[in-house]
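Any read-out appearing in this document is the output of simple, stated calculations on the displayed coordinates, not a laboratory observation. Here the structure is a predicted model, which means the values were calculated and not measured. Counting neighbours? That spans all protein chains shown, and the Cβs are built from the backbone with ideal geometry, glycine included.
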Amino acid sequence: MIAYASRTGNVRYIVSKLQAQAIEITENLIIDKPYLLITYTDKLGEVPTRVSQFLETNSQLCRGVVASGNSNFGNNLFAAAGDKIAMAYQIPLVRKLELRGFQADYEAIQQFYETRVKDEYLLKVK
Ligand SMILES: Cc1cc2nc3c(=O)[nH]c(=O)nc-3n(C[C@H](O)[C@H](O)[C@H](O)COP(=O)(O)O)c2cc1C
């Protein structure tokens, strides 16, 4: 499962390139199986408020984070939402993407998803 937040469509586009069940983060969403989080970066290297709130109740099953950003913000702030979430919840930072990213990014994310998110769920329900 993928949970994502997108304000201007870049993350939504990234999600459309992946083969996975996906759900957009809305207020009070609860996820009951392992998932990969994909978010954009807001303000100056910040986690979008909606994503922070979502993680307050859903961090336990988050297996990794992918962040989109814009490198014009500079190295320290580029996709820094990913760094912050990975650090706060001790989960892997799978990938940082420039805006919509590239084919190699989608492949790396899909690979992580197959091996570290999806399979874990399948093993559990067997
Ligand atoms: C107000 C605003 C602040 C932003 N701040 C950052 C930032 O600090 N670091 C960064 O890498 N990108 C930043 N961005 C760029 C977005 O994270 C980037 O465009 C992302 O791809 C947007 O994803 P979305 O189209 O799914 O909303 C900012 C964009 C906006 C509009």
Cβ pairs under 7 Å, 6+ apart, first in the range 3-27 and under 16 Å from Arg95 (Cβ atoms), second β-branched (Val, Ile, Thr) and assigned to a loop (DSSP other than H, G, I, E, B): Ala3/Ile25; Ala3/Ile31; Tyr4/Ile25; Ala5/Ile25
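For the range 5-38, enumerate the residues that are within 8 Å of the ligand (Cβ to nearest atom) and either assigned to a helix (DSSP H, G or I) or crowded, with 16+ Cβ neighbours inside 10 Å (or both).
Across the range 5-38, the qualifying residues are Ala5, Ser6, Asn10, Val11, Arg12, Tyr13, Ile14.
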Elements of type helices (runs of 4 or more DSSP H) contained in the range 45-126, each with 2 or more residues being surrounded by 15 or more Cβ atoms within 10 Å (Cβ to Cβ): 49-58, 80-89, 103-112
